[in-house]
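One structure below.
The values are calculated or read from the model by the stated rules, or taken from the named source; none is laboratory data. Note that the structure is a prediction, hence the values are computed from the model and not measured. Glycine gets a Cβ as well: all are built from the backbone with ideal geometry, and neighbour counts include every protein chain shown.
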Amino acid sequence: MILRGVPSPVAGRIPADPVEAPVPPARLSPAPTVHPSAEVRDSAIGAWTEIGPGWSLLEMTLGDYSYAAGTDGVIHYATVGKFCSLASHVAINPGDHPMGRVSQHHFTYRRRQFDLGSDDPVLFERRRRAACCIGHDVWIGHGALVMAGVTVGTGAVVGAGAVVTRDVAPYSIVAGVPARPVRDRFPLPVAERLLASRWWDWPHEVLRERMDDLLDIERFLARYGRRGAG
């Protein structure tokens, strides 16, 4: 589903009463679940997806089953694959400023906002060319930043609060400022077999049928861990 409009903002947010029972997760559907306070512009949103309150999505693609959890994250000029888990306050391709100009302030490129002429198309096109690419089944922890032009490989984990300035290999775990490799989720031969299986492309009913296999890495690899086995 392609969303081009900007939903109306909510009047405000009321803090949850700490004595109340937690609200159960929304039951998702093939239609995207988008909180009314989220801002989604010129973006393609897949099936079985959820976008939480206060998120800002601009000129991006969100694959099937992926979700933007919690509140107040940013995904601009990016492609996010399927089954990705994005925690609260994550920022993917956050805005930067033209430091080489006399002034790096908004008024030099968001000129219409200040009644100073037309917006600067060069700067925004530069941001589009530096799009981020997030693979499938990627987990990005609370408050992490993925900077412009970075690719995060399928199956990778980005630790909470990390600032990712370089590409992240598939099935690796990175953390820190700047983010550095911590360890791999699986040995390379296992990661290669998972990549070859392309399980994230399985239809919904196949996911249901093979759920037990998805919980057991050894059984999964024995059945599907070779190219074309799915």
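At-a-glance table
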| item | result |
| --- | --- |
| Unique match (being part of a helix (DSSP H, G or I), at pLDDT below 95 and β-branched (Val, Ile, Thr)) among Val122, Val206 | Val122 |
| Test: residue in the range 208-223 that is of a type outside the set (Ser, Thr, Tyr) and closer than 27 Å to Ala130 by Cα | no |
| Candidate set from the range 104-144 (those that are within 23 Å of Asp42 (Cβ to Cβ) and among the aliphatic types (A, V, I, L, M)); member that is farthest from the chain's Cα centre (by Cα) | Val122 |
| Sole residue being surrounded by fewer than 17 Cβ atoms within 10 Å (Cβ to Cβ) and under 30 Å from Glu205 (Cα atoms), chosen from Pro36, Pro98 | Pro36 |
| Qualifying position, being surrounded by 12 or more Cβ atoms within 10 Å (Cβ to Cβ), free of Cβ contacts under 8 Å to residues at least 24 places away in the same chain and either assigned to a helix (DSSP H, G or I) or not hydroxyl-bearing (Ser, Thr, Tyr) (or both), among Arg127, Arg183, Arg112, Arg166 | Arg166 |
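A quick yes/no check of all residues on (1) touching a Ser or Thr at 6+ places or on another chain (Cβ under 9 Å); (2) within 19 Å of Gly155 (Cα to Cα); (3) acidic (Asp, Glu):
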site: Gly73; (1), (2), (3): yes, no, no
site: Ala78; (1), (2), (3): yes, yes, no
site: His89; (1), (2), (3): yes, no, no
site: Thr108; (1), (2), (3): no, no, no
site: Arg112; (1), (2), (3): yes, no, no
site: Ala130; (1), (2), (3): no, no, no
site: His136; (1), (2), (3): yes, yes, no
